[in-house]
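Undergrad: Okay, here's the structure, questions in a sec.
The values are calculated or read from the model by the stated rules, or taken from the named source; none is laboratory data. Everything numeric in this text was worked out from a predicted model, so none of it was measured. Ideal geometry is used to build each Cβ from the backbone, glycine not excepted, and the neighbour counts take in all protein chains shown. What goes into the accessible areas is simple: the full protein's heavy atoms, side chains included, and nothing from ligands, DNA or RNA. Shrake-Rupley method; radii C 1.70, N 1.55, O 1.52, S 1.80 Å.
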Amino acid sequence: MSRCQSTVFRLFSLRIGLRIKTHLSSPVDQFCRNKSRYTGKMNISSTVRLNDDVEMPLFGLGMYLSEPGSSAANAASSALKCGYKLIDTAIYYKNEDDVAKGVRDSGVDRKNIFIVTKIAEHGYDVTVEAVKTSLKNLKTDYVDLFLIHWPLGGKNVETYKALLDMKKEKLVRSVGVSNFGIHHLKGLEEAGLPTPSVNQIELHPFMKRDELVKYCKDKGITLMGFSPLARSKKNDDPDLIRIAKAHGKSVAQVMIRWGLQKGFVTIPKSTNPERIKDNANVFDFQLTDEEMKALAAKPDDFNAGENEWNPVVSPWEG
């Protein structure tokens, strides 16, 4: 192994805490060519290894705003039939049972599916009951990754401890958080709790959150990016249009590919079967250094609208 490879391997395995697993290419070789981002060949089955040694798919389907009922169930089933390996839902979304139906209808073996869900109400006993309810809704014996949905409302420490106890009982494989800022993550650390395996936050070229991303990587926390398409509010960006045209792809596909090349677990959402298929068609091209730099230069001024919701900056309430 060359000095470059040795150095990168140590950084990649120990400092960043994220390892891309693929049968097509060596991530170490690819990082030696460009240490700033992941450029290895990926496929829809590529995974990251979390800091607790759980293997998690790098790509999946987000279920936020998937209307409960047949629409959500069909979305989950369509995605799994297209080769998706990860489904991201939440108690708050009210479609866990539809995910269960989608899994059943897809014919894909449960052991080949990574299910993520989240708890929004906090407290130890509330969390224990919520995990049991989610297992019942999802019709599964375990959840692969259980997240605290947001830090709002306090009792995060109690909630986190409950999820860790559910992990000990093998009802949950991995425990993480969502919408946590640096001060929230420090709050868990100061409480003497293990580092979360994942932090799910909004991530795209117009909301790069460089400081938070660096902090998570330094702590070995895998980043999971929701709303990778910037809620379709940046489809007219000239650079995105130029890059998409150069690769014969859509703007959406370019934005999804950006997240993957950054090493983020990326979960575009849709209930349209054709769009679900298109969103997965991002493994046959690669953004160039110049294209990644152009997207890196985008201002982090994204505004979701009048009702913008950003719990990442909310106070830490324990």
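Undergrad: Can you tell which of Thr117, Thr159, Thr133 is in a helix (DSSP H, G or I) and touching a strand residue (DSSP E or B) at 6+ places or on another chain (Cβ under 6 Å)?
TA: Details: Thr117 fails: in a helix (DSSP H, G or I); Thr133 fails: touching a strand residue (DSSP E or B) at 6+ places or on another chain (Cβ under 6 Å).
Being in a helix (DSSP H, G or I) and touching a strand residue (DSSP E or B) at 6+ places or on another chain (Cβ under 6 Å) holds for just one of Thr117, Thr159, Thr133, which is Thr159.
Undergrad: Would you be able to tell me the number of residues in the range 157-195 that are under 21 Å from Val265 (Cβ atoms), in contact with a Ser or Thr (Cβ under 7 Å, 6 or more places away or on another chain) and hydrophobic (A, V, I, L, M, F, W, C)?
TA: 2
Undergrad: Kindly evaluate Asn112 against the criterion of being open to solvent by 80 Å² or more (accessible area, probe 1.4 Å) and of a type outside the set (D, E, K, R).
TA: yes
Undergrad: Let me ask something else about it. Scan Val254, Val282 and give me the residue that is assigned to a loop (DSSP other than H, G, I, E, B), open to solvent by less than 10 Å² (accessible area, probe 1.4 Å) and within 26 Å of Ser66 (Cα to Cα).
TA: So the residue among Val254, Val282 that is assigned to a loop (DSSP other than H, G, I, E, B), open to solvent by less than 10 Å² (accessible area, probe 1.4 Å) and within 26 Å of Ser66 (Cα to Cα) is Val282.
Undergrad: State all residues of the range 162-183 that are of a type in the set (D, E, K, R), within 20 Å of the chain's Cα centre (by Cα) and not in a helix (DSSP H, G or I); if no residue qualifies, say none.
TA: Arg173
Undergrad: Further question on the same structure: Checking Val131 against (1) farther than 24 Å from Glu202 by Cβ; (2) among the hydrophobic types (A, V, I, L, M, F, W, C); (3) open to solvent by 50 Å² or more (accessible area, probe 1.4 Å), which test does it fail?
TA: (3)
Undergrad: Any residue at all in the range 229-239 that's of a type in the set (Lys, Arg), open to solvent by 10 Å² or more (accessible area, probe 1.4 Å) and within 23 Å of Trp316 (Cβ to Cβ)? First the steps, then the outcome.
TA: Step one: filter the range 229-239 for residues of a type in the set (Lys, Arg), giving 231, 233-234.
Filter again for open to solvent by 10 Å² or more (accessible area, probe 1.4 Å), leaving 231, 233-234.
Of the ones still in play, those that are also within 23 Å of Trp316 (Cβ to Cβ) are none.
Taking every residue of the range 229-239 in turn, none turns out to be of a type in the set (Lys, Arg), open to solvent by 10 Å² or more (accessible area, probe 1.4 Å) and within 23 Å of Trp316 (Cβ to Cβ).
Undergrad: Same structure, new question: So which residues in the range 162-194 are more than 16 Å from Trp316 (Cβ to Cβ) and not hydrophobic (A, V, I, L, M, F, W, C), if there are any at all?
TA: Asp165, Lys167, Lys168, Glu169, Lys170, Arg173, Ser174, Gly176, Pro194
Undergrad: Can you tell me which residue within the range 203-227, out of those that are in a helix (DSSP H, G or I) and not charged (D, E, K, R), is most open to solvent (accessible area, probe 1.4 Å)?
TA: Selected residue: Tyr215.
Undergrad: Could you list, in sequence order, all residues of the range 268-279 that are open to solvent by less than 20 Å² (accessible area, probe 1.4 Å), assigned to a helix (DSSP H, G or I) and of a type outside the set (A, V, I, L, M)? Let's see the steps before the verdict.
TA: Our first condition is that a residue be open to solvent by less than 20 Å² (accessible area, probe 1.4 Å); within the range 268-279, this holds for 268, 270, 276, 279.
Next cut, assigned to a helix (DSSP H, G or I) only: 276, 279.
Selection gives Asn279 alone.
Undergrad: Could you grab me the full set of residues in the range 41-55 that are assigned to a loop (DSSP other than H, G, I, E, B) and of a type in the set (A, V, I, L, M)?
TA: Met42, Ile44, Leu50, Val54
Undergrad: Under 8 Å between Cβ atoms, which residue pairs at least 6 apart in sequence (or on different chains) link something in the range 302-318 that is at pLDDT below 65 with a partner that is open to solvent by 80 Å² or more (accessible area, probe 1.4 Å)?
TA: Ala304/Arg231; Ala304/Lys233
Undergrad: Okay, next question. Can you pull out the residues in the range 58-76 that are at pLDDT 95 or above and open to solvent by less than 10 Å² (accessible area, probe 1.4 Å)?
TA: Selection gives Leu58, Phe59, Gly60, Leu61, Gly62, Ala72, Ala73, Ala75, Ala76.
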